[in-house]
Amino acid sequence: MEGGLGGNTVPPNSMDKSKVLDVKPLRTLVPLFPEASEGTPFVCVPPNGPFPSGFSPFFPFSGSQGSQSTPDLNQNDFNSTAVPLRSFRAEPNGQNTYGSHKHKSAGSSSVKKKAKRIKDSEFVLTALSNFNPGISLSERDDGNRELVENVLLRFDALRRKLSQMEDARESHSSITKRADLKAGNMMLSKGVRTNMKKRIGVVRGVEIGDIFFFRMELCLVGLHFPSMAGIDYMVNKGDLEGEPVALSIVSSGGYDDDAEDPDILVYSGQGGNASRDKEASDQQLVRGNLALERSLHRANEVRVIRGLKDAIHQTSKVYVYDGLYKIQESWMEKGKSGCNMFKYKLVRVPGQAVAFATWKSIQKWKEGLSSRVGLILPDLTSGAESIPVSLVNEVDDEKGPAYFTYFPTVKYSKSFKLVQRTFGCTCHDACQAGNSNCSCIQKNECDFPYTANGILVCRKPMIYECGPSCPCFRNCKNRVSQTGFKVHLEVFKTRDRGWGLRSWDPIRAGTFICEYAGEVIDEIKARQDGGDGENNEYVFHTNRLYESFKWNYETELVGEEGSDSTEDFDIPSPLTISAKNSGNVARFMNHSCSPNVFWQPIMYEHNNEAVLHIAFFAKRHIPPMTELTYDYGIPHSNETESNNAAYGRKKCLCGSPKCRGYFY
DNA sequence: GCTATCTCACCTTG
DNA sequence: CCAAGGTGAGATAG
């Protein structure tokens, strides 16, 4: 699923590709491509192949009682490492020594220690005293895909909320702005975590190619525990020698360890750095360095997490889980300071899904050092967006989707106006998060809807942005969805679902992706127009039934009263947008029953009229080259019955374990 | 031998 | 560039 670039290029069920056109900028052309009845993106083919690997069978955990038997099918972590480590054998008393905290009672030692640790931060303790993490003790030890995603989702929701609260405070500098650490601490202390048991090799539920944006996230899902240190290891006291074993490393680019080959990593040992009150010194063969040395001899697999600069937020970092490596050799060399440094050469275990290699390729495409295979058009928007959108087909010889006019936003025809006369704010610089006088912020229940770097904090029935009618600066932070998309998108041919949309850049949860552009039409007219069902593609409806999901933070975690409100919102005025003739990249987003993108209504002023837009945001962190999908929803039953033809059911090929089997 | 507490270093983050 | 910051290994004391 994730990071699936390349792979096997099996030609799909072949359609007639002979009617392919010469390639010209799409937006300027009149539609002349085949009838929608042919070459429609939503062909009905039985799903081929099994579910994506790493998806353990669906296992609901929301029931808070601890279901003891976590399904453990093929992911036996010890088997898969295939390295018989003596230190892993049970001790005489049958206990696996390290990390496997004993479940004597709810107040096990580690929990007690945590509680003590945060005792001075009464905010956390009082707010959380009755909190039920919904994760059983056994699930805390050993995770699965569902749990990992759940933990990451909850962490980020909390982190965004804490960021928002920090942003709103008066900015005297003494206040710490480390929402990531605070959120991480709260999660850990309340047991919202998984894979707590330290282990060599595979971590259940974490897939190769998964991305993270904070070191705390690595810790919460059990991939790499130290919040700063680059080497994680464990010392097994049952082992006579008491030798440490390296488990995982984070390569953050702090030391220059660059290799051409993406399967090779030369990693520097830890320590010896000069700091404010310390001279550079020789590295010592202790801690992590010792563990890596021992792991070289034991030949155990080491997880590698590669830290890279985030393409969208230049100042921050992305971490990519790049799978298992083995240490091939180690040596010592003089660093820049003239002191001794340890070096470890790690080689990727063959046969694993690609991850970091994809990133390397993308980097080369961007720098123009290598050309994108299957590239049809470098920019199908012909410059209508500030960032080009590639059109690519690596699968067959179809030369492009049916023609349409590229139009970057939503068009309201004169006869149809969803408008109310309102006015924007009166701020004369950039609207400030804590400014209670800004009327645009007031409309958002006095919460600034975005964090300082433009990430959506919460889903809401409506988000009010500052608009063209507001006198505030154009770079006001409350204009996220109207300043064009920031990720490098690509329209590509999928294997069995027509054309799809994906991104070259890694995308954080809450990132604005694009809006749904097109012509606003009447729902009734839409039904008439869409008479044969096939024409119903490229239409977006707000008034369908959507599967509910939880994305916002849990109110009890930040000490707010009241139970969490539902996130099933109604749109007061239903909106139907047709992108059949003109639209933007959003029209290529396919349906999935486990989508990674959701939509959010946004309103802002234009010529003193409030206009509604539909904006798409990332539901979770999305690795590069992962298809972007959202839930198309289900038409209300009276419509499906009376208008079955217009809302033709299509077989769903999303492949998720929760697949409903069809979509509309 | 065990635990509680302290100190320090760690490829952090904005 | 810097300072606040969480974690856990290791040291020390009881």
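Some notes on this structure:
- In Å, descending, principal axis extents of the Cα set of the stretch A:283-336: 40, 30, 18
- Here the gap between A:Met165 and A:Arg649, fully extended at 0.36 nm per residue and compared with their Cα-Cα distance, gives a gain of 169.8 nm.
- Largest-first principal axis extents, alpha carbons of the stretch A:295-369, Å: 38, 37, 24
- Taken one residue at a time, the phi angles of the stretch A:447-453 give Karplus couplings (6.51, -1.76, 1.60, θ = phi - 60°) of 9, 6, x, 10, 6, 4, 9 Hz. Gly and Pro are set to x.
- Gain on full stretching of the segment that runs from A:Ser548 to A:Glu609 - 0.36 nm per residue minus C-alpha separation: 18.9 nm
- Between the amide H of A:Tyr662 and those of A:Cys652, distances stay under 5 Å, these residues lying 5 or more places away or on another chain, with hydrogens modeled in the peptide plane.
- With both labels modelled 7 Å from their Cα along Cα-to-Cβ, the A:Lys278 to A:Phe473 distance reads 3.9 nm.
- Overall dimensions of the stretch A:260-405 as given by Cα atoms, namely Rg and Dmax in Å: 21.3, 65
Read-outs throughout are calculated quantities, based only on the coordinates presented, and are distinct from any laboratory measurement. Keep in mind the model is a prediction, meaning the values are calculated, not measured. Here the Cβ is made from the backbone with ideal geometry for all residues, glycine too, and neighbour counts use every protein chain on show.
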